[in-house]
1. Wholly within segment 27-103, which helices (runs of 4 or more DSSP H) include no fewer than the required count, namely at least 3 residues that are surrounded by 14 or more Cβ atoms within 10 Å (Cβ to Cβ)?
2. Pairs under 8 Å by beta carbon, first residue at positive phi and polar (S, T, N, Q) in segment 50-79, partner at pLDDT 85 or above and surrounded by fewer than 19 Cβ atoms within 10 Å (Cβ to Cβ), six or more apart or different chains?
3. Any chance you could count how many residues in segment 28-53 are closer than 14 Å to Thr12 by Cβ and either modelled with pLDDT under 90 or in contact with a strand residue (DSSP E or B) (Cβ under 9 Å, 6 or more places away or on another chain) (or both)?
Amino acid sequence: MKYILPILVVLTSVIGSLANTYIGSDDWYSELIKSPLNPPSYVFGIVWPILYIMMAFISFRVADKISSIFIFQLILNAAWSWIFFFFQAPVIAFVDIGILIYLNHRILNIIKDQSRVLFYLYLPYFLWLIFAAFLNASIIWLN
């Protein structure tokens with residue numbers, strides 16, 4: 001499992017990115033009213049790869065402690081992009097990201113008991129999920 005989890009992180013990144021290709025080809029997202037805190041699109045292209053690299057590293061280090069919950073959160077992570085962008089269902093995507101936040105809070109608590117360094121490496125992903133949930137909620141609210 002130690003080697004499988006980092007591979008799954010990469011696959012999740014690819015699967016999620018495929019859904020993001022619909023952003024440029026669909027007017028739906030571009031026509032949505034977004035929060036003033038919504039960053040430019042290129043920021044997501046910078047942040048997510050960094051977060052996926054950190055997730056792969058951490059999953060490699062603590063695979064025996066987080067494997068099942070981590071795999072479930074990866075599935076939900078990949079599903080969010082498809083739910084939000086492809087199916088254009090921001091309310092369902094918000095439920096998805098809410099579950100993601102809960103699962104990753106549990107993962108953070110497990111990691112905290114293993115290593116403070118790994119905890120602080122995983123924390124940006126958790127905080128980014130909270131920010132993404134805010135952006136998702138703002139789209140629901142404003143539209």
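The values are calculated or read from the model by the stated rules, or taken from the named source; none is laboratory data. Keep in mind that this is a model prediction, so the values were computed, not measured. Virtual Cβ from ideal backbone geometry, glycine too; neighbours counted across all protein chains shown.
1. 41-61, 63-81
2. none
3. Selection size over segment 28-53: 4.
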